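Below is one structure, written out as structure tokens; the observations come after it.
The values are calculated or read from the model by the stated rules, or taken from the named source; none is laboratory data. Quick caveat, the model's predicted, so the values are computed rather than measured. Here the Cβ is made from the backbone with ideal geometry for all residues, glycine too, and neighbour counts use every protein chain on show.
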Amino acid sequence: MAEFDEFFAQHYRRVVAALDVALLDRSLAEDATQEAFLRALRRWRSVAHLDRPATWVYVVAMREARRQLNRRRHQPSEAEKTDAIDIAVEVAEGLPLREALAALPPRQRQAVTLRFLADLPVADIARAMGCRPGTVKSTLHAALANLRVELDDNEGEP
Amino acid sequence: MRLAELHNELRELADGVPVDSASARRRVMQRHRAHQRRLRLSVAAGAVVLLVAALTVNRRDGDGADRVIAGPATTLAVRPSVDGRMIPATGRDGTTVRLPITLPDGRRYELRYPDSIDLAALGVRIYTTVDWPLRGAGTGPLLCCSREFTLTYATIAELYPGAIPLASYRGADGAPVLLFHAAQRTSTPSPYTTADYLVFQLGPWVAEVWDNVPASANVEPLDEQQRGTWASQLRAHIDPDGFVVLQPEAPLHLGDPKAVQILIGDTYSVGPYVMLSQFFCGQPESDSEVRRTFVSGAESGVAWCDPAYGFHVSAAGSTAFTKAIADAFEIRELPAR
């Protein structure tokens, strides 16, 4: 239990913050993150032996958040409506990052956050978002273009 | 902006998010302890259910006919289960296992897989939807009353042991439908962890219909009369394979068939799982019929869209498990009963 406590203390805040930035919904971020840590605790013997248990928590938390968002599809939020339409966005240069992120389609925002804040590899982001790795890469590419981020060769593609 | 600057700004943004870790840890530990209590109670409740089932099995018709059930019916809890998932019966063709499965709308399929994996033992859980489209006074649809919910193989007493319901409504055939708050449940309810739930005992399955969700969820709660309508109009029967078939009566009706999800195993565990859904095929980002394998951490996985019936199949687990699914998993349609 002490090992789990240490794990919780080390990672809970980071996971909530990443999901909050990705989802723009504090309540959902906290619910999903607590659910993920609870599931980690129930399976701690297995999770603790993973190469990257924190990555497991990120993936589970994001999948839980997606599950909850899917459950709301009968009355989608404005953000989800935007996601469904998948409009191309032009994020004005010079906007504060929070506003620029908020202007991204939700899946672009989630991909950017998981990659560049949570530092998840593309394969795990694909698991978290329920899509193919190639889709993650193209989503990241579009997101970085919208955020006007300049890329060096091979940057952003682990 | 350079990528390094994006990294730094994201971290600064995240550092500014106020997080109460201490309260969160208390909630996680409380829920964990409640889960452990529930496990202990489940063992006791399971023993009682098995005893009652054994005492009543001689009184059942035995003709394989469907039985209309809408209310507490603990005597039907005769199939084994794991963590709220039913372990279904299977048949065999040589080294191929046949697992018949019935969806909540009555569609029937047979899953076929090699006997090198014990898929059935992972247990089955079902997600489905029931719609209640209402129209306002000429202003288009009101989206208050349609619901998606989970069907868990358990009893209300197992999920809410000792809990006093917030309200009780007369269900179909007079059986009570109980309103609980999520906090009264001993394990995590889905989809909302802080909502109220109308809880139906449909034979050995429990349906939990969410209501009164947090304001941030942006959905409308049911009113008292609408809860009563849900309670009285959601009927179901249990088919001979042990699956629940919903028979909602007007104004309720079955939701989009594509919204049904079948989960075998637990997507959150480290162990293996297979998930079937028709919701994820036919979109620009969807998988094709090619069985795409992937590796993620300690797990490998495979996913594809079944060309015959449009099911998205996704599975993950050990390399051997994933290979068995990728090489030989099949879906076949069965005739409706």
What number of residues in the range B:180-204 are crowded, with 22+ Cβ neighbours inside 10 Å, more than 14 Å from chain A (Cβ to nearest Cβ) and not aromatic (Phe, Trp, Tyr)? 7
When you go through (1) in contact with a strand residue (DSSP E or B) (Cβ under 7 Å, 6 or more places away or on another chain); (2) away from chain A (no Cβ under 14 Å); (3) surrounded by fewer than 19 Cβ atoms within 10 Å (Cβ to Cβ) one by one for B:Phe294, which number turns out not to apply? (2)
In the range A:105-134, how many are modelled with pLDDT under 85 and surrounded by fewer than 20 Cβ atoms within 10 Å (Cβ to Cβ)? 5
Just to be sure I understand, how many residues within the range A:92-138 are polar (S, T, N, Q) and at the interface with chain B (Cβ under 10 Å from one of its Cβ atoms)? 3
Between B:Tyr169, B:Tyr113, which is more than 14 Å from chain A (Cβ to nearest Cβ), assigned to a strand (DSSP E or B), modelled with pLDDT of 95 or more and closer than 22 Å to B:Asp306 by Cα? B:Tyr113
Identify, please: which residue in the range B:297-337 is hydroxyl-bearing (Ser, Thr, Tyr) and part of a helix (DSSP H, G or I) and is, among those, surrounded by the fewest Cβ atoms within 10 Å (Cβ to Cβ)? B:Thr319
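So that you can scan it fast, the table gives a plain yes or no per residue for (1) under 25 Å from the mean Cα position of the chain (by Cα); (2) assigned to a loop (DSSP other than H, G, I, E, B); (3) at pLDDT below 90:
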residue	(1), (2), (3)
B:Tyr268	yes, yes, yes
B:Leu276	yes, no, no
B:Gln283	yes, yes, yes
B:Asp287	yes, yes, yes
B:Val290	no, yes, no
Got a sec? Which of B:Thr74, B:Thr102 is touching a Lys or Arg at 6+ places or on another chain (Cβ under 6 Å), under 18 Å from B:Pro240 (Cα atoms) and either modelled with pLDDT under 95 or crowded, with 17+ Cβ neighbours inside 10 Å (or both)? B:Thr102
As an exercise: evaluate B:Ala259 against (1) more than 25 Å from B:Val130 (Cβ to Cβ); (2) within 13 Å of another protein chain (Cβ to nearest Cβ); (3) at pLDDT 80 or above and give the number of the one condition it does not meet. (1)
Could we say that A:Val15 is among the aliphatic types (A, V, I, L, M), part of a helix (DSSP H, G or I) and either farther than 21 Å from B:His32 by Cβ or facing chain B (nearest Cβ under 8 Å) (or both) here? no
Does A:Val47 fit the bill of being within 23 Å of A:Pro106 (Cα to Cα), of a type in the set (A, V, I, L, M, F, W, C) and touching a helix residue (DSSP H, G or I) at 6+ places or on another chain (Cβ under 6 Å)? no
Consider the range B:223-259. How many of its residues are touching a Phe, Trp or Tyr at 6+ places or on another chain (Cβ under 7 Å) and in a loop (DSSP other than H, G, I, E, B)? 3
For the range A:1-38, name all the residues that are surrounded by fewer than 19 Cβ atoms within 10 Å (Cβ to Cβ) and among the hydroxyl-bearing types (Ser, Thr, Tyr). A:Ser27
Which pairs turn up if I take residues in the range B:152-179 that are on the phi < 0 side of the Ramachandran plot and look for partners that are aliphatic (A, V, I, L, M) and in a loop (DSSP other than H, G, I, E, B) with beta carbon separation below 6 Å, at least 6 apart in sequence or on another chain? B:Gly171/B:Ala70; B:Ala172/B:Ala70; B:Ala175/B:Ala70; B:Leu179/B:Leu166
Per the list (1) in a helix (DSSP H, G or I); (2) at pLDDT below 80; (3) closer than 24 Å to B:Phe279 by Cα, residue check on A:Ser46 breaks on (3)
Where a residue in the range B:211-233 is at pLDDT 90 or above and its partner, wherever it lies, is surrounded by fewer than 18 Cβ atoms within 10 Å (Cβ to Cβ) and not in a helix (DSSP H, G or I), with Cβ under 8 Å and at least six apart: B:Arg227/B:Ala167; B:Gly228/B:Arg170; B:Thr229/B:Pro251; B:Ala231/B:Arg170; B:Ser232/B:Arg170; B:Gln233/B:Glu249; B:Gln233/B:Ala250; B:Gln233/B:Pro251
